[in-house]
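Only one structure is covered here, and it is reproduced in the block below.
Computed from the coordinates by the stated procedures, all read-outs in this text should not be read as laboratory data. Everything quoted here is computed from the prediction, not taken from an experiment. Every residue, glycine among them, receives a Cβ derived from its backbone with ideal geometry; neighbour counts consider all protein chains shown.
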Amino acid sequence: MGEQLAEDVLTGQGNVLMYKGKILNERDIEVLQAFLVSNIPVQNRKGYQEEMKKGEERETGPRFFKKNELTSFEQEYKKAVKSLKKLFASSLGGKPIPVHDFRPYVQTLIDQIGHYNILTFIPPDWTIEDYLFHNSILTGLTSYQLAKWYGISSKELMQVALAGVFHDIGNCKVDQGILQKPGPLEPEEIKEVRKHTVAGYEMLRYVSSLNEGAKLAALQHHEREDGHGYPLGLKGKQIHIYAKIVAIADMYHAMTSQRYHKAACSKYMALESLHNESLGKLHPALVQTFIRKITQFHTGTKVRLNDGRLGEIVFTDQIHPTRPWVNIRGTIINLSIERRIHIEEVLQT
């Protein structure tokens, strides 16, 4: 670091990326690598020009697959949703919840987790009526990914996934008329909905195939770091790590899904909301890990902005990961500066 550019550095479209004389820091090198600048003209200490070779490539983010490669995963996903729907319905009769019988569905999806891209996956056969079941499967898969990224023991990852799948099972005991009500809920209705946490824990309490963390996730996934969550108003270390993981996954999918009382928001705006919630509400290190991992893209990932324009991500700034640099027909837009513009949709490739 500290080298000085010997001449202007241009993008592939001929725009000036960095000007001659700039002193390079680590972030500048990342930008140059993102724009595939392999030979960087710099001045040596004697004032002579030399070329600095591009260093090792950064870790890439989520893999992208062509549509036909996702077919198997989508089919297994559909089977899991269908099975979970039956399981939730049977739980209303007071029968023991057969988590052990559902586990193979989760394992099959985990075996193909490389085909699950959190930002681009579109659940097949999704309907607003089946929101609970889709959200449960998606929260399970995303919780698994986040736990793995965060370094949770591999022996616990299945339990984290199951914690995500069953975190909202208590909603089976809530008045469905309230859950399916369009528009804002009344205070008494909110109190009724919040009962799903305790109800879910009671339903899972004696399930031998779940560990205590998975059961507590049902009870605690609406608790918050500052103690302003529910049902118990727990703080920080009082909240189980599984519940903290599931809370992030659940919030992300809730925000990005159409619901009866709220429209879906863009996935990048959901990430910004999660970042804001990490300032006191959600576990900050978990949120940072989540955002950093799912925004690490290959150069050229296609996106649609909120003004309708299509472009390609050319650089993800680690300081502002939800606001990357986007190339639109040769013009580079830094979304961390252009605050009125944001990514509305990540397009599948």
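Would you mind ranking Phe315, Phe166, Phe133 so that the residue whose beta carbon has the fewest other beta carbons within 10 Å leads the list? All intermediate terms of the calculation are to be shown ahead of the outcome.
Details: Phe315 20, Phe166 29, Phe133 23.
If I rank by nearby Cβ atoms, fewest first, I get Phe315, Phe133, Phe166.
Using the Karplus equation 6.51 cos²θ - 1.76 cosθ + 1.60 (θ = phi - 60°), what ³J(HN,Hα) coupling, rounded to whole Hz, does each residue of the range 264-276 give in order, writing x for Gly and Pro?
For the range 264-276, the Karplus curve yields 6, 10, 5, 5, 6, 5, 5, 5, 5, 5, 4, 4, 5 Hz.
Quick one: net charge of Thr108's neighbours, Cβ under 14 Å, K/R +1, D/E -1?
0
Quote the FRET efficiency, to the nearest 0.05, computed for Ile190 versus Trp126 with a Förster distance R0 of 22 Å and r equal to the Cβ-Cβ distance. Before the final figure, lay out each step's value.
Numbers: r = 26 Å, r/R0 = 1.16.
Given R0 = 22 Å and the Cβ-Cβ separation, E is 0.30.
Spelling out what I want: for every residue of the range 227-235, take phi, set θ = phi - 60°, compute 6.51 cos²θ - 1.76 cosθ + 1.60 (Karplus), and round to whole Hz; glycine and proline get x.
Taking θ as phi minus 60°, the curve returns x, 9, x, 9, x, 10, x, 6, 10 Hz for the range 227-235.
Calculated FRET efficiency, Glu345 and Tyr206, Cβ-Cβ r, R0 56 Å, to nearest 0.05?
0.80
Mind giving me the FRET efficiency for Lys20 and Leu310? R0 is 41 Å, r the Cβ-Cβ distance, nearest 0.05 is fine.
About 0.80, to the nearest 0.05.
Once phi is turned into ³J(HN,Hα) by the Karplus curve 6.51 cos²θ - 1.76 cosθ + 1.60 with θ = phi - 60°, what whole-Hz value does each residue of the range 132-142 show in order, with x for glycine and proline?
Residue by residue, the range 132-142 yields 4, 6, 5, 4, 5, 5, 4, 5, x, 5, 5 Hz.
Which of Glu7, Glu189 has the fewest other C-beta atoms within 10 Å, and how do the rest follow up to the most?
Placing the least packed residue first, the sequence is Glu7, Glu189.
Can you give me the Cα centroid spacing of the range 112-128 and the range 320-349 in angstrom?
Using only Cα atoms to place each centre, the spacing works out to 23 Å.
Of Cys172, Cys265, how do they rank once you tally other Cβ atoms within 10 Å and put the fewest first?
Sorted ascending by nearby Cβ count, the order is Cys265, Cys172.
Which entry in (i) 163; (ii) 152; (iii) 126 is this structure's computed volume of the Cα convex hull per residue in Å³?
(ii)
Using a 10 angstrom cutoff on alpha carbons, build the Gaussian network for the chain and name the most mobile of Lys78, Lys20, Lys235.
Lys20
Can you work out the PRE-style zone for Lys237? Point 7 Å along Cα to Cβ, and I want the residues of the range 124-168 with backbone N under 19 Å.
Output list for this probe position: empty.
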